[in-house]
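Single-structure report; data block below.
The values are calculated or read from the model by the stated rules, or taken from the named source; none is laboratory data. Bear in mind the structure is a predicted one, so any value in this text is a computation, not a measurement. When we count neighbours, we look across all protein chains shown, and the Cβ atoms used for this are built from the backbone with ideal geometry, even at glycine.
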């Protein structure tokens, strides 16, 4: 088992990038979910989305913290003072929240991905990551239960809810390949037992989500990337700027502030 | 030296240290930690919640190890400050470490804590031994009338660790501590 002191120098940069991508995914999705606070279709769902947002942002803090142990970075600096090109989140999480069907389908796809990823990371040879994955994985079960139920409600609800779910699928499904794509150094991290094999993870996530989506009666096409989408994380459609403007404006108004 | 929790959580081994119940000077440290309550559940202290994991004393001072119920729990920062202050009042240098490992479980609460929770109006999570999915769907008794016929109104509640349920017998709506 390795930790931040014994991690080999060659693996530091790939692991830092991987942890940053995971943290950025959670941070941005958490903020998109938080936009529903006060606007969700039901009071219960308003509370649920606020909980999901709080969890995702808390998980982001965990992953930024693991990065910090390796490179000494300050999570607050990373969140509030990086610009969009330096964020490594996937496109899926930064798209506007859209309607309820898109919000829930995106959440389901992300939850299914996280559950598969965390189950594998729980066996990571990088001990701090394995420990955090066990903790976060338990909490993600609550998310997956919730978003899975919404898939069923939307698919079997009304003609309109089904149509909205189909439209959400047309947007979200082609974004899955980027979320699952390997990053630089993936082979080395896998060889060291730190991160799962990206192709095996991708197959597991696709099989799981395809089975769930077909299970509620959707026709799921082949997984081909959205046009204009690169596998490379770090490019962003216009939407991330909007998230960051909202998220960073207060911190940037007084960069010297030590306490809020 | 590491001390186990006096009157420690059921099912949790004492990590080294003194025999349970044996009076030691470290009892004062545990007593100090018992004055710190969970700000989201002010009837429970952090020792009976299983949030305070260990107290280690050496030449450099006292190290208190805490673990959050949920990793995104916003109360943990306040608990860290208050635990440090409680130990500092005894005249010790103190360091507080927060760990996610092993993950906190609702099984880490003492049975006395569960009873206090029930009297506070929150249905506790009964011990599940790790079978969380089964516990999530198991019957839950109403903390007001003790009737078992209750149902989930919302899988999420006022804090990360609770869900909202209603009782078909007395009609009351109540919160349940999630099995985790």
| note | Restricting the range B:130-148 to residues that are more than 14 Å from chain A (Cβ to nearest Cβ) and out of contact with any strand residue (DSSP E or B) (no Cβ under 7 Å at 6 or more places or on another chain), the one nearest to residue B:114 (Cα to Cα) turns out to be B:146
| request: Can you tell me which residue among A:17, A:4 is touching a residue at least 24 places away in the same chain (Cβ under 8 Å), within 15 Å of the chain's Cα centre (by Cα) and more than 14 Å from chain B (Cβ to nearest Cβ)? | output: A:17
| field | Residue among B:173, B:67 that is in contact with a strand residue (DSSP E or B) (Cβ under 7 Å, 6 or more places away or on another chain) and closer than 23 Å to residue A:131 by Cβ | value | B:67
| task | Please go through the range A:243-260 and pick out each residue that is loosely packed, with under 13 Cβ neighbours inside 10 Å and assigned to a helix (DSSP H, G or I). | result | A:245, A:246, A:249, A:250, A:252, A:253
| field | Output for the range B:162-178, where each listed residue is part of a loop (DSSP other than H, G, I, E, B) and at the interface with chain A (Cβ under 10 Å from one of its Cβ atoms) | value | B:178
| said: Within the range A:196-214, does at least one residue satisfy the condition of being under 17 Å from residue A:20 (Cβ atoms) and surrounded by 12 or more Cβ atoms within 10 Å (Cβ to Cβ)? | reply: yes
| said: So, restricting to helices (runs of 4 or more DSSP H) that lie completely within the range B:24-139, which ones have at least 2 residues that are more than 15 Å from the chain's Cα centre (by Cα)? | reply: B:27-33, B:76-88, B:132-137
| query | Which ones in the range A:90-108 are touching a helix residue (DSSP H, G or I) at 6+ places or on another chain (Cβ under 6 Å) and assigned to a helix (DSSP H, G or I)? | reply | A:91, A:92, A:93, A:94, A:101, A:102, A:104, A:105, A:106, A:107, A:108
| query | Here is a list of conditions, (1) touching a residue at least 12 places away in the same chain (Cβ under 8 Å); (2) within 14 Å of chain A (Cβ to nearest Cβ); (3) in contact with a helix residue (DSSP H, G or I) (Cβ under 8 Å, 6 or more places away or on another chain), and residue B:159 meets all of them except one; can you say which number that is? | reply | (3)
| message | With the structure loaded, tell me whether residue A:190 is over 19 Å from residue A:103 (Cα atoms), loosely packed, with under 14 Cβ neighbours inside 10 Å and free of Cβ contacts under 8 Å to residues at least 60 places away in the same chain or whether it fails that test. | response | no
| note | Exactly one of B:32, B:28, B:52, B:19 is away from chain A (no Cβ under 14 Å) and modelled with pLDDT under 90, and that residue is B:19
| Within the range A:30-39, can you find the residues that are crowded, with 18+ Cβ neighbours inside 10 Å and either within 13 Å of chain B (Cβ to nearest Cβ) or in contact with a strand residue (DSSP E or B) (Cβ under 9 Å, 6 or more places away or on another chain) (or both)? | A:30, A:33, A:34, A:36
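Listed here are the residues, each with its yes/no results for (1) modelled with pLDDT of 95 or more; (2) within 14 Å of chain B (Cβ to nearest Cβ); (3) within 17 Å of the chain's Cα centre (by Cα).
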{"site": "A:88", "(1), (2), (3)": "yes, no, yes"}
{"site": "A:93", "(1), (2), (3)": "yes, no, yes"}
{"site": "A:100", "(1), (2), (3)": "yes, no, no"}
{"site": "A:107", "(1), (2), (3)": "yes, yes, yes"}
{"site": "A:110", "(1), (2), (3)": "yes, no, yes"}
{"site": "A:115", "(1), (2), (3)": "yes, yes, yes"}
{"site": "A:126", "(1), (2), (3)": "yes, yes, no"}
{"site": "A:136", "(1), (2), (3)": "yes, yes, yes"}
| query | Is it the case that some residue within the range A:209-230 is touching a residue at least 24 places away in the same chain (Cβ under 8 Å), under 21 Å from residue A:95 (Cβ atoms), in contact with a strand residue (DSSP E or B) (Cβ under 9 Å, 6 or more places away or on another chain) and away from chain B (no Cβ under 14 Å)? | reply | yes
